[in-house]
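The values are calculated or read from the model by the stated rules, or taken from the named source; none is laboratory data. Please read these numbers as outputs of a predicted model, since none were measured by experiment. Cβ: placed from backbone, ideal geometry, glycine included. Neighbour counts: every protein chain shown.
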Amino acid sequence: MTGKFGHQRFLIQSALRRIFASPLGGILNILVIGIALSLPAGVYTLLKNAQTLAEQLPGKPEISLYLTTKSNDQTIESIRTRLAQHPEIAGSLFISRDDALKKMQQDSSLGDVIEALDRNPLPDAFVVTPRVDSAAVLKKLRDELAQWDGIALAQLDSDWAYKLEALIALGRMLALILGTLLSLALIAVTFNTIRLQILTQREEIEVARLIGATNAFIRQPFLFFGAIQGLLGGIATLLILAAGIRLSNVPLADVALLYASDFRLQALGWGDSLSLLLFSLYLGWLGAWLSVSRHLSRIRPQ
């Protein structure tokens, strides 16, 4: 067991020496990986912060139900009962047309105009508080309530939830597409790097095969090289994200102050950071494995 760990330690040290054999080239390769991964990771970080900001916004989504002018006490009581029994509704508040008119007179500068009206133009209404904030559920609930007898109009007052969720869903799709394309590019970078190493070590590989080395044994140094290069690229990604968030929080603090908020961009959590490092390590390993598998098959001892 000690010998096995010693061999792996040797492979890791050997991979690090190869990566930084040309310091400038090694650092540039790591930066290429870090910058490429920082683009989808940055979009993901912004989406996480957007969700956090949405949760901090005051107010809950509400649905206003405006009754028809023909509604009577029986209709109002029927709607009140159905709202109380609905599993997706937390509560409701009835606002009569007279109360609505009085409130408008008090809260606006149109008191004189309202007093000059021959009749009250406002309808009776219910303000409904749903149990959930999901935009899809809110839209479905609004459409359902709009079909009830006695309801003239159902309006989602806080439709920002639907718009925000749609934008976040779009952002996730863009991050997925961008991440996939850049991942393929990073695999290609590692593939080409390993190919050049195999070509420069062709004679060593031929000699190793002559003395009985298996393909699995020959692959190991290259796979460790690709995996460690990918891991270092992931670390560079986290450093780039941390620097970007730190710099962005300086002007963001001034903007947040204007809205009496202390909102700040937050870096990725431990779980997301570990996932990013493992993903970058896997991309490096995969690129190395593809390159080694392709080019070792073309090398035959002379």
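Only one residue in I218, I228, I205, I168 is under 30 Å from the mean Cα position of the chain (by Cα), in the same structural domain as L268 (by TED's automatic domain parsing), at pLDDT below 80 and surrounded by 15 or more Cβ atoms within 10 Å (Cβ to Cβ), so which one is that? I'd like the intermediate steps shown before the answer.
On the way: I218 fails: under 30 Å from the mean Cα position of the chain (by Cα); I228 fails: at pLDDT below 80; I205 fails: under 30 Å from the mean Cα position of the chain (by Cα).
That would be I168, the only listed residue that is under 30 Å from the mean Cα position of the chain (by Cα), in the same structural domain as L268 (by TED's automatic domain parsing), at pLDDT below 80 and surrounded by 15 or more Cβ atoms within 10 Å (Cβ to Cβ).
Here are some residues: Q8, Q51. Which one is within 25 Å of A236 (Cβ to Cβ), at pLDDT below 75 and not small (G, A, S)?
Q8
Taking the conditions exactly as written (modelled with pLDDT of 85 or more and either not in a loop (DSSP other than H, G, I, E, B) or not basic (K, R) (or both)), does S14 satisfy them or not?
Working: modelled with pLDDT of 85 or more: no; either not in a loop (DSSP other than H, G, I, E, B) or not basic (K, R) (or both): yes.
No.
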